[in-house]
Amino acid sequence: MDTSQDVSQTLKFLKGKHILITGTTGFVGKVMLEKIMRTVPDIGGVYLLIRGTRKHANAGSRFANEIASSSVFEFLKLNAPDYFNDFCHNKIHCISGEITEQQFGLPRIEFRDLAEKIDAVVNCAASVNFREELDRALAINTHSLRNIVELSDLAGNIPVIQVSTCYVNGFKQGHIHESIVAPTNANIPRHKEGYFEVGSLIEELELKIAQVQQKFEGKELKRQLIDLGIREANACGWNDTYTFTKWLGEQLLLKSLRGYSLTLLRPSIVESTLREPSPGWIEGVKVADAILLAYAKEKVTFFPGKRSGVIDVIPADLVSNSILLSLAEQFKNPGHHHIYQCCSGSANPLTLGTFIDHLMAEAKENHASYDKLFLRRPRKPFIAVNKRLFSAVTLCLSLALTVISQTMMKLGFKRGLKAQRNLDAAMALSTIFSFYTEPNYIFHNNKLLDLAKRMGKTDQQLFPVDSSAINWETYLRKIHMAGLNCYALKGRKQSPFKPKSSTAISTAQKQAA
């Protein structure tokens, strides 16, 4: 154990390193990139694999317009604009490529050249759509990792940090620790080293995909592939295609990188930042927010959920810090496999009931402060009910509203019932998210907390990962909801908070010196 408590081990081991990062157009990727830029000034370089789009054909253009322009960098642009510009021009290298194509779609010589330049890979790229078409989910979350393996091998056993999810645990119940996950339903052979031999399963999935593709086309093909993904995931022990294909990806890496430096970093439900770069920063509407937004817009007033269940929410900056700590650990002591869960369930449990009560209290008392979130003060409470009761009630309501709607149509009223539309919205959200609002599990992260302790007190301050520091009432009512209103919804405002990390750049520079 390193007893140097006044020196950042993370800054020490990241100094001079060149890191390839995928998925920086996404939420977690942006937060991590900002953290590197702000706190690791002596990093050698950051290579970003970015897929071109119709609007931005190459990686450089997309970086400038979709990443560097993000509000996540506001603090740096306001407090250290020259440093930010210099870092972008001198230390960020944009690679135009597609993670799902062989060797990222790069010519062989460029792929080998990239391997020679980098010291580690952090893979944040993923399809997080719970109901993705199975072929696309497999391509992004599973097959693409073969490119990561090949790159690591060419580079000479460089560390790979795979950002996965706690929900690869699927239908497992009870206390869930940081370990390789066994399927709850499928009988898949397990290697003596712990991972599961998923090659045959993947081949079977590909065969079923091909059969569907031969029978259908257009929108029906998409629907069939979505349904196939859900069926196969459920049959093997997972709630959705996303978590199923992420689990398959974990097994592929565990097998292919035996003896190599590999860390599987599993966040739970990632939400707005706790502190850095500013409290409440978020991009897009996440899992819990979709339900909150539907309630705020008066579309949903009841939802299947278990009030006593512990929903596991983790701020994005704690996830970013966990990635960087685990990366530094692999440089410090290479050649090992680690599994870490970045979560709050065991250290600082938040029940669904408490979550709802805090949000409803804030909505009732201060709805006017969230002009883009609430139409007006909520007139009805948000109620979590048993899933069977929810299904029974929605079925009865749906039948009744169908009769009413048909009657109104006969009378000449062509416009659909608002109540029917709202019911449809509640049922659609239930289909996607009800698994996450009726939890029968608690995630543990003892190994991650032990890693933080091993790295020393300075790193615990610069790269905090401990969720026990979260005051849920303050976070939900004053940070998260303000962040949603400010950043996630249309018509962006100035940040309602001043960053608490105003000394982060100078601190990091002193540590790195």
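One residue stands out among those in the range 183-205 that are assigned to a loop (DSSP other than H, G, I, E, B) and β-branched (Val, Ile, Thr): the one that is most open to solvent (accessible area, probe 1.4 Å), which is THR184. Within the range 336-349, being crowded, with 21+ Cβ neighbours inside 10 Å and touching a helix residue (DSSP H, G or I) at 6+ places or on another chain (Cβ under 6 Å) holds for TYR340, GLN341, CYS342, CYS343, SER344. Inspect the range 350-359 for any residue being modelled with pLDDT of 65 or more, in contact with a helix residue (DSSP H, G or I) (Cβ under 9 Å, 6 or more places away or on another chain) and over 18 Å from HIS480 (Cβ atoms) and give the result as yes or no. There is no residue in the range 350-359 that is modelled with pLDDT of 65 or more, in contact with a helix residue (DSSP H, G or I) (Cβ under 9 Å, 6 or more places away or on another chain) and over 18 Å from HIS480 (Cβ atoms). Checked against the criterion of being under 18 Å from the mean Cα position of the chain (by Cα) and farther than 20 Å from TRP238 by Cβ, the candidates VAL160, VAL128, VAL168 yield just one match: VAL160. Considering the range 77-97, and only residues there that are of a type in the set (Phe, Trp, Tyr) and over 12 Å from GLY45 (Cβ atoms), the residue that is surrounded by the fewest Cβ atoms within 10 Å (Cβ to Cβ) turns out to be TYR83.
Checking ALA59, ALA80, ALA64, ALA68 one by one, the residue that is touching a strand residue (DSSP E or B) at 6+ places or on another chain (Cβ under 6 Å) and small (Gly, Ala, Ser) is ALA59 and no other. Evaluated against (1) in a helix (DSSP H, G or I); (2) in contact with a helix residue (DSSP H, G or I) (Cβ under 6 Å, 6 or more places away or on another chain); (3) hydrophobic (A, V, I, L, M, F, W, C), ILE282 falls short on exactly one condition, (1). Tally time: how many residues in the range 210-237 are more than 26 Å from the chain's Cα centre (by Cα) and aliphatic (A, V, I, L, M)? Within the range 210-237, residues that are more than 26 Å from the chain's Cα centre (by Cα) and aliphatic (A, V, I, L, M) number 3.
ILE180 - would you say it is part of a helix (DSSP H, G or I), touching a residue at least 40 places away in the same chain (Cβ under 8 Å) and aliphatic (A, V, I, L, M)? Criteria not met by ILE180. Looking across the range 231-249, the residues that are buried (at least 20 other Cβ atoms within 10 Å of the Cβ) and more than 15 Å from ASN187 (Cα to Cα) come down to ASP240, THR241, TYR242, THR243, THR245, LYS246, GLY249. So which helices (runs of 4 or more DSSP H) stay within the range 3-112 end to end and still have 1 or more residues that are over 25 Å from the mean Cα position of the chain (by Cα) and within 29 Å of ASN333 (Cα to Cα)? Hits in the range 3-112: 9-14, 81-90. Of LEU138, LEU221, which residue is surrounded by fewer than 22 Cβ atoms within 10 Å (Cβ to Cβ) and part of a helix (DSSP H, G or I)? Answer to the selection: LEU221. The set of residues from the range 307-335 being part of a helix (DSSP H, G or I) and over 30 Å from SER434 (Cα atoms) comprises LEU324, LEU325, SER326, LEU327, ALA328, GLU329, GLN330, PHE331, LYS332.
The criterion of being assigned to a helix (DSSP H, G or I), open to solvent by 10 Å² or more (accessible area, probe 1.4 Å), farther than 26 Å from PRO183 by Cα and of a type in the set (Lys, Arg) does not hold for LYS208.
In the condition set (1) modelled with pLDDT of 50 or more; (2) more than 25 Å from LYS372 (Cβ to Cβ), ASN485 is compliant with all but (2). Of the residues making up the range 4-60, just one is open to solvent by 30 Å² or more (accessible area, probe 1.4 Å), among the β-branched types (Val, Ile, Thr) and touching a residue at least 60 places away in the same chain (Cβ under 8 Å), namely VAL7. Restricting the search to the range 444-461, which residues are crowded, with 21+ Cβ neighbours inside 10 Å and over 18 Å from LYS332 (Cα atoms)? Correct list: ASN445 only.
The values are calculated or read from the model by the stated rules, or taken from the named source; none is laboratory data. Note that the structure is a prediction, hence the values are computed from the model and not measured. So basically every Cβ, Gly included, is an ideal-geometry build from the backbone, and we count neighbours across all protein chains shown. To get the accessible areas, we keep the full protein, side chains included, count just its heavy atoms, and leave off ligands, DNA and RNA. Shrake-Rupley method; radii C 1.70, N 1.55, O 1.52, S 1.80 Å.
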